[in-house]
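Taken together, the values in this text are just the output of simple stated rules run on the coordinates, not laboratory data. Fair warning: this is a prediction, and the values are worked out from it, not measured in the lab. Cβ coordinates were reconstructed from backbone atoms using ideal geometry, including for glycine residues, and neighbour counts include every protein chain displayed.
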Amino acid sequence: MATCPCDNHLINDCLNISPGLEDLPRQYMTFNDYRGAMLTDIASQPALNGWSGEVEHDLGVMLFDMWSYVLDVTQFYDEKIAEESYIRTAKRAVSTNRIVELLGYKRKPALSAKVNLSVEIDGHDKVTLSSGVRFRSEAFDDQPPQVFELISDAEVSPQFNKWQLVDIPDSKFPGRILVKPKGSGVPRSGILTIVDSSEEEVWGGYIDSIEAYTAADSTKYQEVTLVPDISSSLIDKDVSNLRMSLMGLTAHQSPYNDSISGYRIYLDGVYPQLIKDQPAVFEINGQLYPFLISSVTKVNVATGIDDIEVPVTQIGFPSSLYSEVNNATGLRLHFNPISVGKLTGLNKSRLKLSDLEPGASLKKPAIEMVDSSLSAQFMLIGQSKLGKELSGTVSRDDFNNYHFSAGMDTTDFEHPLKVPVSLRGNIITVYRGESVKQEVLGSTDSGTASNRFKFKKQPLSWIEDSSNELGARPLLDLYVNGVLWKRVDSLFTAKPNDRVYIIETDENGDSWIRFGDGIRGERPASGVNNIVADYYYGAGESKPPAGSIHSIAKGAKGLKAVYGATRAKGGRDIESPESIKAHASSSVLTLGRAVSIQDFDALTKSYTGVLGVSSGWAWDPSKQRAVVKIWIIDEGDIDYQTLQNWLRSMSAPNTPIVVAAATPLVRDLTINISYSSKVPKETTHQAIIQLLQDNENGLLSKKHIGIHKVLYRSELVKHLQELEGVDAVTSVRFDGSEMEWAIQAPAGHYFNFLDSTTVN
């Protein structure tokens with residue numbers, strides 16, 4: 001009988017495995033455990049009395065060892081095989097796919113990205129670009145160039161090739177007094193004043209010189225230099241509010257006694273040209289004092305000769321000039337402003353949407369428009385090849401001047417566009433992929449059920465399609481003996497004579513065609529090389545950046561050039577096992593139809609590119625009714641209208657659905673840490689940043705933070721204090737104040753701490 005607890009080798013026949021695990025602890029005994037248990041059990045076997053196993057190379061001990069190995073390996077595989085039977089614990093993609101297929105879940109295929117391009121056409125006539133025209137991107141990141149192809153015919157016209165935006169002056173004073181070179185009207189000498197009409201300020205100086213000035217964009221101006229130099233006083237002023245005038249007349253101080261009364265001064269005669277609120281300049285001992293006249297009065301003053309009085313003009317001036325005026329000798333007044341030239345700012349080097357309103361001027365194009373206006377989709381392209389796609393209208397007035405007005409739905413540019421900026425039409429949509437025509441997939445045998453054929457080129461291209469249950473459809477036409485057959489999502493409801501097929505994707509991501517077995521779907525008639533396909537291949541999450549598609553890979557007559565100023569959208573890899581595990585169960589519960597709010601949540605979460613979802617009934621003022629409002633956090637590639645249409649196709653007819661982007665609330669988060677001396681501080685600090693901001697698992701990442709979700713202080717502290725190197729979290733401050741036990745963003749909002757988190 002064993003006296004040491006270590007010698008008790010008990011075999012547990014009843015496993016107690018808790019739910020929610022990612023690994024099944026079924027291998028609870030190993031080689032040593034089995035060997036020890038059998039050796040311990042020898043004493044209970046009468047037949048083995050007298051056997052000690054102490055002989056060298058004893059066969060009994062060898063058998064024990066061999067059987068222990070067998071049991072160890074068997075239980076190891078028992079654990080691994082059992083894990084492959086459940087979604088959460090399955091490690092192999094093929095196992096995950098097999099399980100969810102039993103549930104009716106369809107694995108999402110790889111999608112092709114799409115991008116809108118602007119093309120330029122030769123000649124003067126319209127051209128139809130046939131499907132099959134291809135364009136190639138530059139290589140990017142670690143990816144080779146990608147090919148994008150036109151999948152349907154598009155009509156384009158050379159009159160929509162290009163318009164050049166007229167230079168737009170900046171409203172801010174450029175640091176130089178600049179005027180247009182032609183007909184500026186600024187003389188070579190005299191006293192010039194500049195008045196800010198918005199703030200009633202005035203500056204002035206002697207004209208020193210007028211010189212030609214060429215800006216960085218080669219635009220020519222005339223630069224006026226004054227003495228004293230007043231340019232620094234005009235910085236950040238709006239040039240449209242600055243009025244420039246030349247002083248046309250001169251008057252003197254009255255020669256009679258007491259010419260100054262309060263903040264008024266008598267002049268040496270009557271000057272009807274003086275007007276209240278106009279600029280004037282006192283010249284005192286060679287110094288200039290510009291001001292705005294506060295009052296103008298005609299008065300009689302005594303000459304000091306008998307009782308003779310003479311009429312003169314009295315003007316008011318600012319109190320700030322009283323000391324200079326009162327002590328002046330030989331004071332002169334320059335007045336009667338004559339408008340000369342118009343101040344201008346330098347042309348803007350970068351343009352925003354506001355610079356195009358209420359209608360940007362365009363230079364006359366090489367090929368003029370036939371109609372007086374054109375409303376369509378356009379692309380604004382800057383010097384750096386980056387741009388903005390927008391709707392709008394190009395119009396031509398009676399004087400043959402062209403203008404562009406952006407559509408009301410246009411959002412501001414993500415980045416200002418570097419000038420010169422061109423406006424281009426002829427927008428076409430192309431998809432990543434290359435077409436394959438009349439590829440022979442194989443030969444059919446009507447005696448075999450469920451014929452399967454593999455595409456030679458991979459991956460098969462799928463594009464977004466809101467009318468399909470998967471939200472996508474393949475770019476594929478399949479012919480059997482010259483007859484077009486129909487693709488379906490499942491053969492389960494197919495009838496024996498239905499000429500249909502399904503697409504299956506194996507664990508390697510390769511696509512296969514599978515036909516029916518004669519009961520669910522017709523068996524194709526036997527034939528040789530009779531399965532022929534037209535399809536596109538090329539898909540995946542990687543996408544070329546904006547401005548990188550400007551090469552024609554397969555042209556067409558009349559096609560001259562292509563411009564891709566915006567980035568490609570959409571595109572995804574085949575759904576990963578991790579995504580399947582996260583979304584399969586909840587999506588299957590919808591049974592292919594969204595009814596409850598939870599159904600809308602589940603379907604939207606499964607949509608590619610969605611990081612966070614919050615759904616609920618909400619009042620929509622524009623529709624004047626309650627709607628299913630779905631707020632999302634996305635990666636920036638989602639077409640909201642396509643997602644909205646897909647959700648509508650998955651719900652009851654006329655269900656009011658609105659999909660909108662959740663609003664980020666940028667807030668400051670400051671976390672103070674007491675660091676352990678056992679781990680380098682920098683190492684711990686990096687681990688903290690990773691814990692908080694990692695794109696996939698970070699506590700503050702867009703994927704984790706959630707919309708209208710509660711963020712608990714205790715959760716933050718718990719995870720931080722579990723890190724090696726952290727002794728304690730001494731404080732957590734939210735927008736400068738100690739964080740409460742929990743904070744929650746309003747409905748339709750989420751906290752964004754990614755660029756405003758400080759760890760001390």
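Bin width 5 Å, origin at 0, all Cα-Cα pairs of the range 5-83: what percent of pairs per bin? Pair shares across the bins are 3, 13, 19, 21, 17, 11, 8, 5, 2, 1. Listed values for the range 392-407 are Karplus-derived 3J(HN,Hα) couplings in whole Hz (6.51 cos²θ - 1.76 cosθ + 1.60, θ = phi - 60°), namely x, 9, 9, 10, 10, 8, 5, 9, 6, 9, 9, 9, 10, 10, 6, x, and x replaces Gly and Pro.
Measuring between their Cα centroids, the range 639-677 and the range 332-365 lie 43 Å from each other. Rg over Rh for the range 407-559 works out to 1.11, using Cα positions for both radii and the Kirkwood form for Rh.
For the range 281-297, putting each phi into the Karplus relation 6.51 cos²θ - 1.76 cosθ + 1.60 with θ = phi - 60° gives couplings of 9, 7, 10, 10, 6, x, 9, 9, 10, x, 7, 9, 5, 8, 7, 9, 9 Hz, in residue order, rounded to whole numbers and with x for Gly and Pro. Both numbers refer to the Cα atoms of the range 703-760; Rg and Dmax are 12.2, 37 Å. Taking the longest Cα principal axis of the chain as reference, the axis of helix 640-649 is set at about 40 degrees.
Per-residue ellipticity at 222 nm, computed for the chain from helices alone with -39500 (n - 2.57) per DSSP H run of at least four residues, works out to -4500 deg cm²/dmol. Each Lys or Arg adds one and each Asp or Glu takes one away; over the other residues whose Cβ falls under 13 Å from the Cβ of Met62, this sums to -2. At q = 0.11, 0.22 Å⁻¹, what base-10 log of I(q)/I(0) does the Debye formula yield for the range 76-218 when every alpha carbon is treated as an equal point scatterer in vacuo? For the range 76-218, the Cα-only Debye profile gives -0.82, -1.36.
Among the chymotrypsin sites (Phe, Trp or Tyr not before Pro) found in the range 378-440, those both in a DSSP coil and sparsely packed, with 13 or fewer other Cβ atoms within 10 Å of their Cβ, are Phe399. The amide H of Asp465, built 1.01 Å from its N in the peptide plane, has Ala472, Arg473 as neighbours under 5 Å, considering only residues 5 or more places off or on other chains. Over all other residues within a Cβ to Cβ distance under 15 Å of His685, the charged ones net out to -2, with Lys and Arg as +1 and Asp and Glu as -1. The ranking of Lys106, Lys437, Lys703 from fewest to most other beta carbons within 10 Å of each one's beta carbon is Lys437, Lys703, Lys106. Normalising the average separation of contacting C-alpha pairs (under 8 angstrom, six or more residues apart) by the number of residues puts the relative contact order of the range 459-551 at 31 percent. Can you classify the range 589-661 as rounded, prolate or oblate using the Cα gyration tensor, where a ≥ b ≥ c are the square roots of its eigenvalues, rounded means a/c under 1.5, and otherwise it's prolate if a/b beats b/c and oblate if not? In terms of gyration-tensor shape, oblate.
Based on Cα coordinates alone, diagonalise the gyration tensor for the range 98-168, multiply each eigenvalue by 5, take square roots, and list the semi-axes in whole Å, largest first.
On the way: eigenvalues 289, 64, 34 Å².
Working through the eigenvalues yields semi-axes of 38, 18, 13 Å.
For the range 522-537 versus the range 206-263, the inter-centroid distance based on Cα atoms is 84 Å.
Neighbour counting of Cβ atoms within 10 Å sorts the residues Phe515, Phe140, fewest neighbours leading, into Phe140, Phe515. When both bridge partners sit in the range 589-661, DSSP labels roughly 60% of those beta bridges antiparallel. Here the contact order of the range 589-661, divided by its residue count and restricted to Cα pairs under 8 Å and six or more residues apart, works out to 32 percent. Within a straight-line Cα-Cα reach of under 22 Å, Lys220 can be paired with the following lysines, leaving aside sequence neighbours fewer than 8 residues apart in one chain: Lys172, Lys180, Lys182, Lys237, Lys342, Lys348, Lys363, Lys364, Lys418. Scalar couplings 3J(HN,Hα) for the range 659-664, obtained by applying the Karplus form with A = 6.51, B = -1.76, C = 1.60 to θ = phi - 60°, are 9, 9, 6, 5, 8, x Hz; x denotes Gly and Pro. Computed extension length for Asn468-Glu504: 11.3 nm, one decimal, from 0.36 nm per residue of separation with the Cα-Cα distance subtracted. Against the empirical 2.2 N^0.38 Å (N residues), the range 249-371 has a Cα radius of gyration ratio of 1.74. For the chain, the longest principal axis of the C-alpha atoms and the axis of helix 577-588 are separated by about 90°. Tell me the angle of helix 681-693 to the major Cα principal axis of the chain, expressed in degrees between 0 and 90 and rounded to the nearest ten. Compared with the principal axis, the helix lies near 90 degrees. Can you give me the Cα centroid spacing of the range 82-150 and the range 405-446 in angstrom? Each part's Cα centre sits 13 Å from the other's. Per q in 0.09, 0.11 Å⁻¹, report the Debye log10 I(q)/I(0) for the chain, using one uniform scatterer on each alpha carbon and no solvent. With no solvent term, the Cα-only Debye profile gives -1.09, -1.29. Would you please state which residues of the range 520-534 a label at Lys456 would reach in this model, taking the label point 7 Å out along Cα→Cβ and a backbone N cut-off of under 19 Å? Of the residues in the range 520-534, 527-534 have backbone N under 19 Å from the label point off Lys456.
Ranked highest first by average number of other Cβ atoms within 10 Å, how do 576-582, 270-276, 107-113 line up?
Order by mean packing, descending: 107-113, 576-582, 270-276.
If Lys and Arg each add +1 and Asp and Glu each add -1, what is the summed charge of the other residues whose beta carbon sits under 14 Å from the beta carbon of Leu24?
On the way: positive: Arg26, Lys80, Arg88, Lys91; negative: Glu22, Asp23, Asp78, Glu79, Glu83, Glu84.
Local charge sum for Leu24: -2.
What chymotrypsin sites (Phe, Trp or Tyr not before Pro) does the range 675-751 have in DSSP loop regions with at most 16 other beta carbons within 10 Å? Sites meeting the loop and neighbour criteria: Trp741.
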